[in-house]
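The values are calculated or read from the model by the stated rules, or taken from the named source; none is laboratory data. Because the structure is a prediction, the values reported are computed rather than measured. Note that we place each Cβ from the backbone using ideal geometry, even for glycine, and neighbour counts take in every protein chain shown. In case anyone asks, the SASA skips ligands and DNA or RNA and just uses the protein heavy atoms, side chains included. Shrake-Rupley method; radii C 1.70, N 1.55, O 1.52, S 1.80 Å.
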Amino acid sequence: MLTAEDKGMSIVELDQFAGQRVQQNLLPASGTQIGNLSFDYRLSPALILSGDSIEFVELADGRVVFYIADVSGHGAAGALVSVLVKGICMGLLADIEQKVLEYPSNVLEALNESLRKLNIEEHVTMFFGILDPNNKVLHFSNAAHFPATIFVTDNSLSYLEFGSLPLGIYQSPGYHSKSLDLPDEYTIVMFSDGVLETMDQPTIKDKEERLQLLVKSGSRDVDSLAKELGIDGARNAPDDIAIFTITSS
């Protein structure tokens, strides 16, 4: 068995790479197809471990739950909190009979309360959605996640950008849910705010407009977006970067 010295790494680095493997194994498989929905993502950590996280799960009743979350900071602390968030969410999803999944805002409220009780220093932003393919509707809620989620069809593009406060800081911030009727074909495009750190545009508004233009002009898959944004195979980025797309067909 190779030691840290044999591999040219410190014990801490070796330990973090082991943690990275665990974290990656907890993620759903990119490229997963659920019914007519395709789920693709790319996570690029600033260091070895990532505070960004992605999840999508099909429920027994045919609905599909998904989220993109971003823990403040990055590295080991952010990664631990992201795993914690996943564990809490999976517990909530298993409690389907308790009506917590009736509205996405219910999930954010429950998650916020769980994180507050743990007194962690980090806070979490999250866009949380529930896709109901049978009724062709998307229910969603947002805990200060930014940039805004983009919803695009062949004929239109819009932001799903309402939001509230991050998770884990304030008691009962008042999360709300919204609903959107779904066409047959659409794409949902989500980013973590780390992508903004890599862009050359001078203002946040300019960067948002650049993201919108990329999506509007046809760059709607993860690989194309990463290439256009210059983060294809990114290393040593200033922040964790996540791109997450859901496409119907």
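Descriptive notes on the structure:
- Residues whose amide H lies under 5 Å from that of D52, counting only those 5 or more places away or on a different chain, are V71; hydrogens are built 1.01 Å from N in the peptide plane.
- Formal net charge of residues neighbouring A242 (Cβ-Cβ distance under 11 Å; K, R +1; D, E -1): -4
- Segments 196-202, 65-71 sorted - mean Cβ within 10 Å per residue, highest first: 65-71, 196-202
- Contact order for region 132-249, expressed relative to its length and based on alpha carbon pairs under 8 Å spaced 6+ residues apart, stands at 30 percent.
- Environment charge at V65 (Cβ cut-off 10 Å; Lys +1, Arg +1, Asp -1, Glu -1): -1
- In this simple spin-label approximation, S172 and L118 carry label points 7 Å from Cα along the Cα→Cβ vector, and these lie 2.4 nm apart.
- Taking 7 Å steps out from each Cα toward its Cβ at D154 and A77 produces label points 4.9 nm apart.
- Surface listing: K207, K178 arranged by accessible area from highest to lowest gives K178, K207, probe 1.4 Å.
- Local electrostatic count, S82, Cβ distance below 12 Å [Lys/Arg +1, Asp/Glu -1]: -4
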